[in-house]
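Novice: Quick one: the structure is below, questions incoming.
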Amino acid sequence: QVQFVESGGGLVQPGGSLRLSCVGSGTIFALSTMGWYRQVPGYERELVARITRREVTNYADFAQGRFFISRDDAKNTVYLQMHRLKPEDTAVYFCYAEANYRPSWGQGTQVTVSS
């Protein structure tokens, strides 16, 4: 069974930085697009950033220039480096991966931006 687990969330002050990681486990023989989404209670889950197997990236407008996605396929891992965080970035962040031609989601990690 393939699983992805996020880490790196927490409480950070406005203007601060965080790095999220998401590691896949199990038998993974094909890893395609990976990404990060976020969700605030009462709102739909929204795309933050995604990266293809060829490392083509795209970002939501709010993430452009502040957030950076990367991946390490040898470790089945996707990262999200977040800078200049704002209170409105507070959300649960979920990683997503197309592993073995199937979509897979992590359980989420809470990011809280507050002074």
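The values are calculated or read from the model by the stated rules, or taken from the named source; none is laboratory data. Predicted model, so just to flag it, every value in this text is computed and none were measured. Here Cβ is always computed from backbone atoms with ideal geometry, including for glycine, and neighbour counts include all displayed protein chains. Just so you know, the surface numbers come from the protein's heavy atoms only, side chains and all, with ligands and any DNA or RNA stripped out. Shrake-Rupley method; radii C 1.70, N 1.55, O 1.52, S 1.80 Å.
Novice: DSSP loop (so not H, G, I, E, B), at most 13 other Cβ within 10 Å: list which trypsin sites (Lys or Arg not before Pro) in the stretch 38-115 pass both filters.
Specialist: Within the stretch 38-115, the qualifying trypsin sites (Lys or Arg not before Pro) (loop, at most 13 other Cβ atoms within 10 Å) are 53, 54, 84.
Novice: Report the Cα centroid-to-centroid distance between the stretch 13-55 and the stretch 61-115 in angstrom, as an integer.
Specialist: So the two Cα centres are separated by 3 Å.
Novice: Any idea what the relative contact order of the chain is, in percent, if you count C-alpha pairs under 8 Å spaced at least 6 apart? Walk me through the numbers on the way to the answer.
Specialist: Working: 293 pairs, mean separation 43.4, N = 115.
Here the relative contact order equals 38 percent.
Novice: Given an 8 Å cut-off on Cα distances and at least 6 residues of separation, report the relative contact order of the stretch 4-60 as a percent.
Specialist: 23
Novice: Follow-up question, since we're still on this one. Report the FRET efficiency, 1/(1 + (r/R0)^6), for residue 58 and residue 102, where r is their Cβ-Cβ distance and R0 is 22 Å, rounded to 0.05.
Specialist: For R0 = 22 Å, the calculated efficiency reads 0.55.
Novice: Here's another thing I want to ask about it. Accessible area per residue of the chain at 1.4 Å probe, in Å²?
Specialist: Values: 6400 Å² over 115 residues.
Ligands and nucleic acids excluded, the figure is 56 Å² per residue.
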